[in-house]
Amino acid sequence: MLTEFWNIGAVCRGAGDAGVAPTDAEAWKVDRMLAAQSRSAGSLTDPLVWAVILGSWTLALIIQAMGHDGALSHDVLLDSEGLPPLSTLLLFLVAWQVMTAAMMLPSSLPLVGLFARASRGQPRPGLAVAAFLAAYFSVWTGFAAVALLGDAGLHSVVERWHWVHERPWLVSGAVLVLAGAFQFSPLKERCLDACRTPVNFLLRYYQRGARAAWELGLRHGLFCLGCCWALMLTMFAVGVGSLVWMAGLTGVMVIEKTARHGRRIAPVVGIALLVWGALVMLQPGWLHALPLGH
């Protein structure tokens, strides 16, 4: 396995230096070769990344146990009196880093591990990996900022729209329906294809250097965002501080991106969200019918 992995890294470096991307058939063959030997890319991943993931979940659990889960909740932060808007945004973005590391990094472990191995031939591999991860986190940070500002704007509109203000569950139900419908979209399919074939992705886009690593991290982050933004948006409907929902979504995204038949779960999750969203819109009690620990 290690020998084959180093061969993949060499191919990536050669393709990047020559500026020539392999054909789809070549990329598919290499990806299947790696997949046939092992479905556990975690064994190839830098232990530091695992430490970040486990540390993030530990921190989230500690915050929950201490009764400070409001620090992860967008509603609590938005409703905090006397807290300047900029401070609210910054606090939320800090909390979001924890959620990104806990929820999104696990589904990206195969690519992160491959990139770290392929980058060992660079003069400063650590800097390349750091640039890659920083770019990846910046994409999700941008999404969090837009989502929070959008949520604040939606709250402002709802407060002026009395009919909806008296029926807030309609907004939550609509978000769940939106997320369910997106599971069947062509954009979801395209982005999921990119996320499910990390070797193909590296063979196409890998180049040496910190700047190239940053651009690669942005590209991967955007594919990841395109694949999972709607699922992550449900956090705003169910509760950003819900550890049960965090764990459930993490499992779904990991299976979708890394499991052999992960693609099959996308429509199942889509149907479940559509049904749940419709039930919530008809009867608000369904929003908390599951033990989500809001």
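Read the figures in this text as sums done on the coordinates, not as results from a lab. Note that this is a predicted model, so its numbers are computed, not measured. Glycine also receives a Cβ, built like all others from the backbone with ideal geometry; neighbour counts cover every protein chain displayed.
Using Cβ contacts closer than 10 Å as the measure, can you line up ASP193, ASP151 from fewest to most? All intermediate terms of the calculation are to be shown ahead of the outcome.
Numbers: ASP193 14, ASP151 20.
Least to most surrounded, the residues fall as ASP193, ASP151.
Between LEU279 and ARG211, the modelled label-to-label distance comes to 5.4 nm, taking each label 7 Å out from Cα in the direction of the beta carbon. What FRET efficiency, computed as 1/(1 + (r/R0)^6) with R0 = 25 Å and r the Cβ-Cβ distance, is obtained for ARG167 and LEU90, rounded to the nearest 0.05? Using R0 = 25 Å, I get an efficiency of 0.20.
Stokes-Einstein diffusion coefficient for region 146-249 at 37 °C in a medium of 0.692 mPa s, Rh from the Kirkwood formula over Cα pairs: what value in µm²/s?
Numbers: Rh = 16.0 Å.
Rounded, D is 206 µm²/s.
Computed from the Cβ-Cβ distance with R0 of 30 Å, the FRET efficiency linking ALA259 to ALA65 stands at 0.45.
Footprinting exposure proxy ranking of GLU256, GLU166, GLU189, GLU215, fewest other C-beta atoms within 10 angstrom first, gives GLU166, GLU189, GLU215, GLU256.
Sorted fewest first by neighbouring Cβ atoms within 10 angstrom, VAL252, VAL158, VAL244 come out as VAL244, VAL158, VAL252.
Taking max minus min of the alpha-carbon positions on each principal axis, region 234-283 gives extents of 37, 24, 12 Å, largest first. The equivalent ellipsoid of region 87-228 has semi-axes of 35, 18, 10 Å, largest first, where each one is the square root of 5 times an eigenvalue of the Cα gyration tensor. If a/c stays under 1.5 just call it rounded; otherwise compare a/b with b/c (prolate if a/b is bigger, oblate if not). Do that for region 124-176, with a ≥ b ≥ c from the square roots of the Cα gyration tensor eigenvalues. Cα axes put region 124-176 in the prolate bin.
Each 10 Å bin from zero up to the one holding the largest Cα-Cα distance in region 191-281 carries the following percent of pairs: 14, 41, 29, 13, 3, 0.
Extension gain, ARG160 to VAL244: 0.36 nm times the residue separation minus the Cα-Cα distance gives 27.0 nm.
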